[in-house]
Amino acid sequence: MDGAVEMVDTDSAIDWKAMAEKVTPDARPLVHGQRIDVGGGTFDLLSPRDGSLLSAVPACGEAEVNDAVAYARAEQRLGDWPRRSPRGRGEVLAAWADAIEAERVELALLISLETGKPIRDAVGIDLRGVVRAVRWYAALADKLHGDHPDVGGDDVALVSREPVGVVGILTPWNFPLALLGYDVAPALMLGNSVVVKPSEQAPLSVLRCCELAVQAGLPRDALSVVPGLGRVAGQAIGRHPDIDSVAVTGSAATGRAVIRASGESNGKRVWPELGGKSAAVVFKDVRDIGEAARAVAWGAYFNQGEMCTGCSRLLVEREVYAEFMDALGTEIDKLRVGDPLDWETSVGALTTEHQLRDAQLATEEAVAGGGRVLRGGESVAAVAGGRYFAPTLLADAPESSRVFTEEVFAPVAAARPFDDVDEALRVAFSSGYGMGVSVWTSSMDTAFRVTRAVKAGIAWVNCFEGDDLTVPVGGVGRSGYGRTKGTAVLDKYSDVKTTWVRLGDR
Ligand code: NAD
C-alpha cells in the first residue's frame, strides 16, 4: 500500500456517522448479473466499530458456487468476453473504474463499517487503490502482444497468450477493494471469467463494487460474487473441477488449505499471497533517525497493523537502540485511536474479535518473557461495543516470542537490539515468512549486503512500502509465491501457447 493519501477535499466534511445510520447494504450474491436470493443459512456481519449488526449475509455453499462457475464457463465457451478485442475489454474496465469513482463515498463507508478501518484510509487507500488498479489494467489491455521468434528454415513460430478460462479469487478483509482490483482487473483484462469469494468480514463492499462492473457493461457471466464461509464456499472454489486458476490472499494456513484442495481435485494452479512478519533493520549509520521512526511507525501501525507487509519486527543496532525507541514512541504518541468514522482517527477498530484477544495475549506472553511495554499494551474503549487496541511498542521482546515470530495482525510491534549484520540477518528471517524487509543505513555496502542475503519478495532501502502499480508485490517461503501488480500477474491469468507452422512447397 502506498503511504501517501490523496483525497477529495470535501470528503473530510462529510457527515459519515449520519450516512452510516442510513446505510442499507445488500449482501445477496451476485450471479448471472443479478442479486439472487438463496436458501440455506446466513451469518451475522457485525461492525468492528461498535458491534452493531450490519447485515445477515447469505452463506453460499457448493450449489451457488457451482451455478456461478457454470455461468462463467458458458461465457468462456459461447460468450463474447474472451473473444472481444483487448481494446474493447479495456474500455469496459475503464467504465468500471469511472463507476467505482462515482460511488467512492458509499463504498468507502461500507469498507469502514465492515473492517473498522479509519474512513480516511478507506477513501484514500482502498478506493484510490482499486480505481488506479482497474484503470492501469484497462490501459494495458491493448498493449500486450505475443511473440514471433525467428526459428529459421521454412517454419513459423507464434507465441500467444490466452485466458486461462475460469478464475476463482478468494479475497481477505484488510484491503477489501484495493486487493480485489489487483487481481480481478488483470484477470478480466485478459479475457477470463471470474468468481469471487469475498472475506466473511468484508463482503458488502466487494459485492457492490463488482455489481458496478456489470452495470458498467461487463457481460453478466464474466464476474460473480458468492459470499460465504471460507471452509465452505472457499473450499468449494478450491475443489471445483471446472476452475482453472485460483488466487488466494489470506493467511498461510488458508493458502495451504487451498493448495491441498487443488491437489485433491483437478490440480488447478493456485496463487497464494499470504501473511508476513516483515522486519525493519535500523543500522547505527541511519541517515535520519526521525525519518526512519516515522516510516516504521507507519509500517507497524497503519491499518491497525493489519497489513501483510507491515513491519512489526524491529531490529535496531545497539548504539542507536535507545534513541530510535524514543523517536518511535514520539511518533506513536501522535496516533489517534478512535471511531473509524471520525476523519481525524488514524487507528480504528480491529476487524475480528480473535485479533483483539490475540493482541492482548501475545503482548502478555512477550512481557512474561522479559519484554517491556513502552507504549500501549491494552485495549481502548474508543466506541462502546467496538474492538480497539492501543498502538503497542515492546522493547527487548524475546526472540522466540510470538510478537517477534508470528503475524499478530494488530498494532503491536516488537524490537530487539543487535550487534552486527550477521545477527540482524539471522533474527530478521528466522520466522520463515518472506514478505519484505526495510533496511535503514547510509552505507550502500550494508544495504546491499542485507538485500542480497534476504529471502523476501520486497526489499526497501531507506524507505518502507515504496510502491507503484508497475512493480510486483508478493512473498516467498511462508508468505506464498503469488504476485500482484505490474505485469507479473499475467502468468496467473493467462496461458502461453506456441503455434508452429511448417510452410510447404508452393
Ligand atoms: P483468511 O486466510 O482468513 O481468509 C482469506 C480468504 O480465504 C477469505 O475469503 C476466506 O473466507 C477464505 N478462506 C478461509 N479459509 C479457507 C479455506 N479453508 N479454504 C478456502 N478458502 C478459505 O485471511 P484474512 O483473515 O481474511 O486476511 C488476513 C490475512 O491475509 C493475513 O494473514 C494477511 O497477511 C494476509 N494478506 C496477504 C496479502 C498478500 O498480498 N500477501 C495481502 C493482504 C492480506
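The values are calculated or read from the model by the stated rules, or taken from the named source; none is laboratory data. Not measured: the values here are computed from a predicted model. Cβ sites come from the backbone with ideal geometry, for glycine too, and all protein chains shown count toward neighbours. What goes into the accessible areas is simple: the full protein's heavy atoms, side chains included, and nothing from ligands, DNA or RNA. Shrake-Rupley method; radii C 1.70, N 1.55, O 1.52, S 1.80 Å.
For Leu503 and Arg256, compute 0.36 nm times the residue count separating them, minus their Cα-Cα distance, and round to one decimal in nm.
Values: separation 247, 0.36 × 247 = 88.92 nm, distance 4.77 nm.
Once the chain is fully extended between Leu503 and Arg256, it gains 84.2 nm.
Could I have the simple spin-label model distance between Ala56 and Gln215, label points 7 Å from Cα toward Cβ, reported in nm to one decimal?
2.6 nm
Three principal axis extents, largest first, for the C-alpha atoms of segment 278-474, in Å?
51, 42, 29
Placing +1 at every Lys and Arg Cβ and -1 at every Asp and Glu Cβ, with all other atoms neutral, what dipole size does the chain have around its Cα centre, in debye to the nearest 20?
Values: 53 positive and 70 negative charges, 223 e Å.
Result for the chain is approximately 1080 debye, rounded to the nearest 20.
Take the Cα radius of gyration of segment 25-147 and divide it by 2.2 N^0.38 Å, with N its residue count; two decimals is plenty. It would help to have the intermediate numbers written out before the result.
On the way: Rg = 17.8 Å, N = 123, 2.2 N^0.38 = 13.7 Å.
That ratio works out to 1.30.
Before rounding to the nearest 500, sum -39500 (n - 2.57) across all DSSP H runs of length at least 4 in the chain and divide by the residue total; then give [θ] at 222 nm in deg cm²/dmol.
Numbers: 16 runs with 180 residues, N = 506.
Rounded to the nearest 500, it is -11000 deg cm²/dmol.
If you take the Cα Rg of segment 409-464 and divide it by 2.2 N^0.38 Å, with N the number of residues, what do you get? Don't jump to the answer; show the numbers that get you there.
Values: Rg = 11.4 Å, N = 56, 2.2 N^0.38 = 10.2 Å.
Taking N as the residue count of segment 409-464, the ratio is 1.12.
Are there GluC sites (Glu not before Pro) in segment 210-282 that DSSP puts in a loop and that have at most 10 other Cβ atoms within 10 Å, and which ones?
Details: sites: Glu211, Glu264, Glu273; in loops: Glu264.
Passing both the DSSP loop test and the Cβ count: Glu264.
For segment 104-148 and segment 262-319, what is the centre-to-centre distance using only Cα atoms, to the nearest Å?
22 Å
For the pair Gln34/Ser430, report the inter-label distance in nm, with labels modelled 7 Å from Cα in the Cβ direction.
Inter-label distance under the simple model: 5.9 nm.
Below 22 Å, Cα to Cα, which lysines can Lys334 reach? Residues fewer than 8 away in the same chain don't count.
Of all the lysines, those that pass the test against Lys334 - Cα under 22 Å, at least 8 places apart if same chain - are Lys117.
As an exercise, identify the GluC sites (Glu not before Pro) in segment 286-356 lying in DSSP coil whose Cβ has no more than 10 other Cβ atoms within 10 Å.
Details: sites: Glu291, Glu306, Glu317, Glu319, Glu323, Glu331, Glu344, Glu353; in loops: Glu306, Glu344.
Within segment 286-356, the qualifying GluC sites (Glu not before Pro) (loop, at most 10 other Cβ atoms within 10 Å) are Glu344.
Hey, what did segment 2-274 get for relative contact order, percent, Cα under 8 Å, at least 6 apart? List each step's numbers first, then the result.
On the way: 541 pairs, mean separation 64.7, N = 273.
With pairs under 8 Å counted, the relative contact order is 24 percent.
For the chain, calculate the relative contact order in percent as a whole number, restricting contacts to Cα pairs under 8 Å that are 6 or more residues apart.
Reported relative contact order: 18 percent.
Between Ser401, Ser430, Gly477, whose Cα lies farthest towards the positive end of the dipole of the chain when Lys and Arg beta carbons carry +1 and Asp and Glu beta carbons carry -1, centred on the Cα centre?
The residue sitting most towards the positive pole is Gly477.
Taking all protein chains as present, what is the carbon and sulfur share of the accessible area of the chain, in % to the nearest whole number, probe 1.4 Å?
On the way: 9830 of 19660 Å².
Answer for the chain: carbon and sulfur cover 50 percent of the accessible area.
So, in Å, what gap is there between the alpha-carbon centers of segment 191-212 and segment 13-89?
Cα centres, segment 191-212 to segment 13-89: 6 Å.
Compute the relative contact order of segment 240-286 as a whole-number percentage, counting only Cα pairs closer than 8 Å that sit 6 or more residues apart in sequence. Walk me through the numbers before you get to the answer.
On the way: 48 pairs, mean separation 20.7, N = 47.
Relative contact order for segment 240-286 comes out at 44 percent.
At q = 0.11, 0.12, 0.19 Å⁻¹, work out log10 I(q)/I(0) for segment 159-261 with the Debye formula, treating every Cα as an identical point scatterer and leaving solvent out; two decimals please.
Scattering profile of segment 159-261, log10 relative to I(0): -0.30, -0.36, -0.91.
Take the Cα coordinates of the chain, assign each an equal point scatterer, and use the Debye formula without solvent to give log10 I(q)/I(0) at q = 0.06, 0.07 Å⁻¹.
Result of the Debye calculation: -0.28, -0.38.
Once segment 2-274 is represented by equal point scatterers at the alpha-carbon sites, with solvent omitted, what log10 I(q)/I(0) does the Debye formula produce at q = 0.13, 0.14, 0.16 Å⁻¹?
-0.83, -0.95, -1.23
Check cross-link reach from Lys284 to the aspartates and glutamates: straight Cα distance under 12 Å, and skip same-chain residues fewer than eight apart.
Glu317, Glu319, Glu323, Asp419, Asp420
How many nm is it between the label spots at Ala13 and Asp242, if each spot is 7 Å from the Cα in line with the beta carbon?
That separation, rounded to one decimal, is 5.3 nm.
Using θ = phi - 60° and the Karplus form 6.51 cos²θ - 1.76 cosθ + 1.60, what ³J(HN,Hα) does each residue of segment 307-314 get, whole Hz, x for Gly and Pro?
8, 4, 8, x, 9, 9, 10, 10
By the gyration tensor of its Cα atoms, with a ≥ b ≥ c the square roots of the eigenvalues, what is the shape of segment 383-499: rounded for a/c under 1.5, prolate for a/b over b/c, or oblate?
Working: a/c = 2.12, a/b = 1.32, b/c = 1.60.
Cα axes put segment 383-499 in the oblate bin.
Using a Förster distance of 41 Å, how high is the FRET efficiency between Ala139 and Glu365, based on the Cβ-Cβ distance and rounded to 0.05? Display every interim value, and only then the final one.
Details: r = 48 Å, r/R0 = 1.18.
In this case the efficiency is close to 0.25.
I'd like to check one number: the per residue accessible area of the chain, probe 1.4 Å, reported in Å² as a whole number. Don't skip to the answer; put the middle values down first.
Numbers: 19660 Å² over 506 residues.
Accessible surface, normalised per residue, equals 39 Å².
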